[in-house]
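The values are calculated or read from the model by the stated rules, or taken from the named source; none is laboratory data. The structure presented is a predicted model; accordingly, all values stated were derived computationally and were not measured. In this analysis, Cβ positions are derived from the backbone assuming ideal geometry, glycine residues included, and neighbour counts consider all displayed protein chains.
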Amino acid sequence: MGAAAVLAAGAMAAVGVAAASASPSSPSPAATSTAAPPAGAKTGAHAGVRWLGVFLQLKADSPQAVGDRAAKAAAALVNHPKLFAKLPPALQTDVKALKDAAPAERVQDAYKIKTTALSGGYGVEVQKRAEQLVKTATEAAGLRQELRTVFTSANPGAGLQKIADQVISHPKLFAKLPANLQADLKALKGAAPADLDTQANKIKETALDGGYGARIQKAAQALGKKAAAAPAA
């Protein structure tokens with residue numbers, strides 16, 4: 001039970017996909033931070049990728065608080081002129097409009113950025129990157145759901161083996177995990193059916209004991225709490 005905790009920690013925390021994988025109705029604090037973008041930000045549409053994730057999480061009926069956070073992200077972007085100037089002119093215009101929008105209009109304006117990006121209104125490059133962010137968010141949401149399902153199972157081995165295989169099949173993601181976690185996931189992937197639960201529970205205990213690092217331990221504990229609080233299927 002709970003062996004899936006480490007995979008959530010490793011796959012989500014280690015690669016920093018908080019913004020992209022947050023639920024559509026409640027963007028994560030990391031996604032909406034007003035902190036300065038990292039030095040050496042890429043040029044052109046690349047420069048806005050980090051910020052696009054904030055707007056792509058909105059829905060037409062998102063609550064007011066979501067629009068407020070999106071407006072703060074827009075203000076942060078405008079307040080970094082070198083980065084902002086590299087965005088397509090139409091995107092600049094819409095981000096400025098969101099920054100200055102009345103509270104009641106923020107969700108609508110942020111949702112406009114999302115739909116325009118996905119329809120190609122800011123250019124092909126932004127469209128492709130927006131589509132990739134949406135795909136990543138969808139995959140992450142599905143992975144979290146699978147993890148929670150495995151977490152409540154009395155026999156987590158087979159389910160976690162399937163998820164481990166998914167993570168291993170994404171080399172860039174897998175490479176960012178701690179070396180000992182990589183080794184344990186590979187062992188789980190190749191384990192015989194009779195050994196799956198033992199291998200899965202080893203991963204669980206190592207994660208919760210901090211054997212894969214403090215960040216993964218914290219994320220594993222958080223996932224455990226969520227799974228325990230979830231209503232039984």
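Given the options Ala158, Ala207, Ala164, Ala191, name the one that is part of a loop (DSSP other than H, G, I, E, B) and farther than 25 Å from Gly53 by Cβ.
Of the residues listed, the single one that is part of a loop (DSSP other than H, G, I, E, B) and farther than 25 Å from Gly53 by Cβ is Ala191.
Restricting attention to the range 152-174, does a residue exist that is surrounded by 16 or more Cβ atoms within 10 Å (Cβ to Cβ) and in contact with a Phe, Trp or Tyr (Cβ under 7 Å, 6 or more places away or on another chain)?
Scanning the range 152-174 turns up at least one residue that is surrounded by 16 or more Cβ atoms within 10 Å (Cβ to Cβ) and in contact with a Phe, Trp or Tyr (Cβ under 7 Å, 6 or more places away or on another chain).
Looking at Asp68, Asp100 in this structure, which one is without any contact (Cβ under 8 Å) to a residue 24 or more places away in the chain and more than 16 Å from Tyr122 (Cβ to Cβ)?
It is Asp100.
Do you know which residues across the range 139-155 are touching a residue at least 60 places away in the same chain (Cβ under 8 Å) and not in a helix (DSSP H, G or I)?
Thr152, Ser153, Ala154
Looking at Pro178, is it surrounded by 15 or more Cβ atoms within 10 Å (Cβ to Cβ), outside the structural domain of Leu58 (by TED's automatic domain parsing) and not aliphatic (A, V, I, L, M)?
Criteria met by Pro178.
Can you work out which of the residues in the range 209-224 that are farther than 16 Å from Leu177 by Cβ and at pLDDT below 85 is nearest to the chain's Cα centre (by Cα)?
Only one residue tops the list, namely Ala222.
Among the numbered criteria (1) crowded, with 20+ Cβ neighbours inside 10 Å; (2) closer than 21 Å to Lys72 by Cα, which single criterion is violated by Leu147?
(2)
Look through the range 173-200, keep the residues that are touching a residue at least 12 places away in the same chain (Cβ under 8 Å) and within 19 Å of the chain's Cα centre (by Cα), and return whichever of them is farthest from Gly211 (Cα to Cα).
Step by step, filter the range 173-200, then rank; the result is Leu173.
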